[in-house]
Protein chains: 2
Amino acid sequence: MKKYDVIIIGAGPSGIVVGVTAKTQNPGKSMLMVAEEAKGLVPCGIPYVFHSLGSVDKNVMGPKPFIDLGGEVIVDPVTEADIKNKVVKLKSGATYEFDKLIFATGSIPVIPDFIPGYHLDGVEYINKSYNSIKELKNKADKAKNIVIVGGGFIGAEVAEQLASETGKTVTIIESEPYCFNKAFSKELGEIATKKLRETNINVLTSTLAKEILGENGKVTGVMLSTGEKVKAELVIMSIGYKPNTEIARKAGLNLNSEGAIIVDNFERTTVKDVCAIGDCSQTLGFITGRLDHIMLASTATAEARVLGYNLFGIKINRCCNGTIGIFSTEINGLSMASVGLNEKNGREANIDFVFSKFTDFDRHPGTFDDASSLTVKLYASPSDGSVLGGEVWGGKSTGEIINIIGMAIQKKVTVYEMVSYQIGTHPLLTSAPTKYVLIKAAEGIIFKIKH
Amino acid sequence: MKKYDVIIIGAGPSGIVVGVTAKTQNPGKSMLMVAEEAKGLVPCGIPYVFHSLGSVDKNVMGPKPFIDLGGEVIVDPVTEADIKNKVVKLKSGATYEFDKLIFATGSIPVIPDFIPGYHLDGVEYINKSYNSIKELKNKADKAKNIVIVGGGFIGAEVAEQLASETGKTVTIIESEPYCFNKAFSKELGEIATKKLRETNINVLTSTLAKEILGENGKVTGVMLSTGEKVKAELVIMSIGYKPNTEIARKAGLNLNSEGAIIVDNFERTTVKDVCAIGDCSQTLGFITGRLDHIMLASTATAEARVLGYNLFGIKINRCCNGTIGIFSTEINGLSMASVGLNEKNGREANIDFVFSKFTDFDRHPGTFDDASSLTVKLYASPSDGSVLGGEVWGGKSTGEIINIIGMAIQKKVTVYEMVSYQIGTHPLLTSAPTKYVLIKAAEGIIFKIKH
């Protein structure tokens, strides 16, 4: 039986990043990555295969950087991980020994078996799998009436893309009063929901899918909690994901209440030489320190880097001390992002906060043709002024401004520091130095704390 | 004689920001801002009046936010500041008493009186003045052959804009081997210079303007150090700016060797109740701690905020501990930015550094139509890995990514921390989480330090 120093189960973002990082640090160690499919997808690119990219093959990623470093990859699903004898068994019957084993098995869609009719032909899921998305795209191309159950990120983005295709009627059924409710405050969630409606999506909020209706085993529509029926040939279930940890569970690893593999701050499980990263591993909240059910490629890759550096002993004294949960998206031309605390999750966690909002243009003067409105809503502690969270919406620079706030949270920057923070500005690229939106929001917080 | 608690000399970015900040903090204090002209300009927007904005009136800014808070503004140039008797005298003869005086008088173009013919009609300067730029635009609109002496930011940006107008022949004369040499490394400076040439500008590097040629007192061309002559009806001198401190000098304030008013880290001069901010005040380097001749609206407004909060006693314990010098620009569609140390200024200051560069797309996958290449060149200390500087070029997100690096420098973030830094990513907005360019550059530095 061939033995590897490291075996990685999974070839998604966290699998690739841990492989590349660990192999760069330890070129002499033999490493095997076990993939389920020959082709991998950019997970957050999946919605865009339905319209903007136009093809699943424009959204592929693979472990080539790992192979280039001398890593080996085999396409053959793992069926069992024997952590006592340090052996993995694959579907083909092949077995490999390992010194260290890394679970990077990701997450799978939650199946709503509590909704009658969920098993009908035409009820589909957004699996992070090349073959599955290829099939789903074929079905979506043919369908005229599509219902998406769940207005979170992936559901809403897929809906926006499908609604941009001609001749389709797209409906979102969202149980909460607004879409994106896990990541956005009420204010930003309502803005996002309005944008979805402007994309010609029928967004039904505070509404449940009561039953999936069908004829001859095939979907024909959805019965709502309001008693109304919505016609559909295709229903996409997008009510959430859960850790893909069946093999880990069978191996005897400790899982938490969400089914995620319990790991320490360096991504090590309670079993020596067995680690887990990404969606399949436990994630705590940076601010709360409690279990946080957040699954993000950016969190996953951060965990993967920490493990990659520290796989053979802690070399870099920086641990995964919780996810700050940075989300970003763009709906119908409006970029939106959030990080850390907002009005909604802050109140739920009973954390004191003040917030302040400032809006200006993302160019200066605002008379430039490509100037967009830009809003920063910043949240901070009323006690010490440390930045706890932020929401940003407007033009595309939103995607990087949220990362400035992300660093501020991670480095415990206070609003008192931020007001004299030096920023680079340019007419064609940013807000004006006199009204740099992030700094003006910080000033607003200082004013509120004082008064 | 009317007395104000605060008199601010100057109505540029730093004057407006200190006025707004101080008045917000101290609504009960009376404040007067003394302006030279009725209309003010967005300083960094000046190049764009020559083409993209098309008009000087699309680039105005004024002290309205200060007036809205109850501040007073008078248009009447200051002729004398009597800091002993606490009185300012204006051109009209009016006099006002003050308790605290703030110099925010900005900077003025350096006049190259060492170049014969510099006084000819048709030799112009880029003054940060509404009336002066209005006149210059009229002259530029008429001129067919334009020479710009000096390829720094404002010279190069004005050249790019003029060259975008039809029927003009534009030449830059730059004494150094590449343009933007004060802010950019050789690598980025050469990329920028190439971009200028692609904008149809005749860029003459390592070349001096030896003499301005004329007939009947009017400019006809420029004689180069190479012996060649360049035809011109308009010569724009853009060889740098110097602090506008004639009134401060006459008032007896201490100036440094660059002519800037010497201030402490809270922007206070050596005379009680007299302060100075922005281009007219001394600026030290954040990393070097020595005199740094950098004039930037973003540095000026940071100083203005620090003074605004602390004018009546130090309320916010954050001082101006030096400029990190964040520069950004866009030439012919390529955004470029730098902050802190680079290969050039690092060697000049004899600071040890390692750097690493990474390039990918600013969208993911890179198959999106609007994807641009994005490069981060990161500089860090080989001893402790702390981030010392960075250069970024590519799409427009450059303008905010440089601000992430700016915060990293100001908060002394190390590359060891940065590799597990959580970033938000989205297909339509940023690089991929697996290859987020800034993190990959940080990884490259760790590798270099180790090997």
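The values are calculated or read from the model by the stated rules, or taken from the named source; none is laboratory data. Source: prediction; values computed, not measured. As a convention, Cβ positions derive from the backbone with ideal geometry for all residues, glycine included, and neighbour counts pool all protein chains shown. The area values use the complete protein model at the heavy-atom level, side chains included, leaving out ligands, DNA and RNA. Shrake-Rupley method; radii C 1.70, N 1.55, O 1.52, S 1.80 Å.
For the reader, a short list of remarks on this structure follows.
- Inspection of region A:17-26 finds no residue satisfying the criterion of being under 19 Å from the mean Cα position of the chain (by Cα) and more than 23 Å from A:Pro243 (Cα to Cα).
- Every residue from region A:271-288 that is open to solvent by 20 Å² or more (accessible area, probe 1.4 Å) and at pLDDT 95 or above: A:Val271, A:Lys272, A:Asp273, A:Asp279
- Sole residue being open to solvent by 10 Å² or more (accessible area, probe 1.4 Å), within 12 Å of chain B (Cβ to nearest Cβ) and among the hydrophobic types (A, V, I, L, M, F, W, C), chosen from A:Leu296, A:Leu291, A:Leu255: A:Leu296
- Only strands (runs of 3 or more DSSP E) whose full extent lies in region A:338-451 are considered here, and the ones with at least 1 residues that are among the aliphatic types (A, V, I, L, M), surrounded by fewer than 20 Cβ atoms within 10 Å (Cβ to Cβ) and modelled with pLDDT of 95 or more are A:354-361.
- Taking the criterion of being under 19 Å from B:Glu37 (Cβ atoms) and without any contact (Cβ under 8 Å) to a residue 40 or more places away in the chain, the residues of region B:80-92 that qualify are B:Lys89, B:Lys91, B:Ser92.
- Residue that is nearest to A:Asn350 (Cα to Cα) [pool: residues in region A:302-328 that are assigned to a helix (DSSP H, G or I) and out of contact with any Phe, Trp or Tyr (no Cβ under 8 Å at 6 or more places or on another chain)]: A:Glu303
- Selection of region A:66-123 for residues being among the small types (Gly, Ala, Ser) and more than 30 Å from A:Ala143 (Cβ to Cβ) yields A:Gly70, A:Gly71, A:Ala81, A:Ser92, A:Gly93, A:Ala94, A:Ala104.
- Subset tally (residues that are not in a loop (DSSP other than H, G, I, E, B) and not charged (D, E, K, R)) for region B:262-284: 7
- Residues (polar (S, T, N, Q) and either at positive phi or more than 10 Å from chain B (Cβ to nearest Cβ) (or both)) located in region A:311-346: A:Asn332, A:Asn342, A:Asn345
- Considering (1) under 30 Å from A:Gly221 (Cα atoms); (2) within 14 Å of chain B (Cβ to nearest Cβ); (3) among the hydrophobic types (A, V, I, L, M, F, W, C), the lone condition that A:Ile148 does not fulfil carries the number (2).
- Scanning region B:423-443 for residues that are over 31 Å from the mean Cα position of the chain (by Cα) and facing another protein chain (nearest Cβ under 7 Å) yields B:His426, B:Pro427, B:Ala432, B:Pro433, B:Thr434.
- Region A:201-234: number of residues that are over 25 Å from the mean Cα position of the chain (by Cα) and open to solvent by 60 Å² or more (accessible area, probe 1.4 Å): 10
- Test result for B:Ile405, in contact (Cβ under 8 Å) with a residue 40 or more places away in the chain, more than 7 Å from chain A (Cβ to nearest Cβ) and over 30 Å from A:Ile331 (Cβ atoms): no
- Selection from region A:259-269 of residues that are closer than 17 Å to A:Ile314 by Cβ and touching an Asp or Glu at 6+ places or on another chain (Cβ under 9 Å): A:Val263, A:Glu267
- Any hit, region B:407-419, residues being in contact with a helix residue (DSSP H, G or I) (Cβ under 6 Å, 6 or more places away or on another chain) and hydroxyl-bearing (Ser, Thr, Tyr): no
- Test: residue in region B:302-317 that is within 21 Å of the chain's Cα centre (by Cα) and more than 18 Å from A:Pro433 (Cβ to Cβ): no
- Taking the criterion of being without any contact (Cβ under 8 Å) to a residue 40 or more places away in the chain and of a type outside the set (A, V, I, L, M, F, W, C), the residues of region B:244-263 that qualify are B:Glu246, B:Arg249, B:Asn254, B:Asn256, B:Ser257, B:Glu258, B:Gly259.
- When restricted to residues that are in contact with an Asp or Glu (Cβ under 7 Å, 6 or more places away or on another chain) and more than 30 Å from A:Ile46 (Cα to Cα), region B:384-427 contains 1.
- Within the option set A:Lys128, A:Lys134, A:Lys182, being open to solvent by 10 Å² or more (accessible area, probe 1.4 Å) and assigned to a helix (DSSP H, G or I) holds for one residue only, A:Lys134.
- Residue check for A:Leu213: part of a strand (DSSP E or B) and either more than 25 Å from A:Met295 (Cβ to Cβ) or outside the structural domain of A:Val75 (by TED's automatic domain parsing) (or both): yes
- Residue ID - surrounded by the fewest Cβ atoms within 10 Å (Cβ to Cβ), chosen from residues in region B:156-179 that are assigned to a loop (DSSP other than H, G, I, E, B) and touching a helix residue (DSSP H, G or I) at 6+ places or on another chain (Cβ under 6 Å): B:Lys168
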